[in-house]
Amino acid sequence: MCILVGRLTAAFTMQSALLAHGAMLVLLLPASVSYYVVIVSVAVAVLVGKEAFGGLGCYPFHPTAVGYAVAAVSWPEQVF
């Protein structure tokens, strides 16, 4: 029972961290930005900024900052 509770708690913590990083990135972007910019930048933030370096707490840069940097470099006319 304890192992099951531990795994559920870890899964919930992982999912809530992903949602938090995605929500922070969406709040940083302007309201006029296209949907594909939001989707690509959140995907890069989660997959490259977070999961490529080992997951929860192991990343050298904040995943939200990575996603925002990718959006700003790739689509500067929409982000600024």
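Of all residues in region 33-58, those that are of a type outside the set (A, V, I, L, M) and open to solvent by less than 60 Å² (accessible area, probe 1.4 Å) total 6.
If you check residue 80 against the conditions, is it open to solvent by 80 Å² or more (accessible area, probe 1.4 Å), at pLDDT below 90 and of a type in the set (Phe, Trp, Tyr)? In short, no. Taking the criterion of being over 12 Å from residue 18 (Cβ atoms) and touching a Phe, Trp or Tyr at 6+ places or on another chain (Cβ under 6 Å), the residues of region 47-80 that qualify are 53, 59.
Among the helices (runs of 4 or more DSSP H) confined wholly to region 20-80, which include 3 or more residues that are hydrophobic (A, V, I, L, M, F, W, C)?
Numbers: elements: 35-47, 63-74, 76-79.
Because the criterion is at least 3 residues that are hydrophobic (A, V, I, L, M, F, W, C), the helices (runs of 4 or more DSSP H) in region 20-80 that meet it are 35-47, 63-74.
The values are calculated or read from the model by the stated rules, or taken from the named source; none is laboratory data. Quick caveat, the model's predicted, so the values are computed rather than measured. Here Cβ is always computed from backbone atoms with ideal geometry, including for glycine, and neighbour counts include all displayed protein chains. All accessible areas refer to the heavy atoms of the entire protein, side chains included, with ligands and DNA or RNA removed. Shrake-Rupley method; radii C 1.70, N 1.55, O 1.52, S 1.80 Å.
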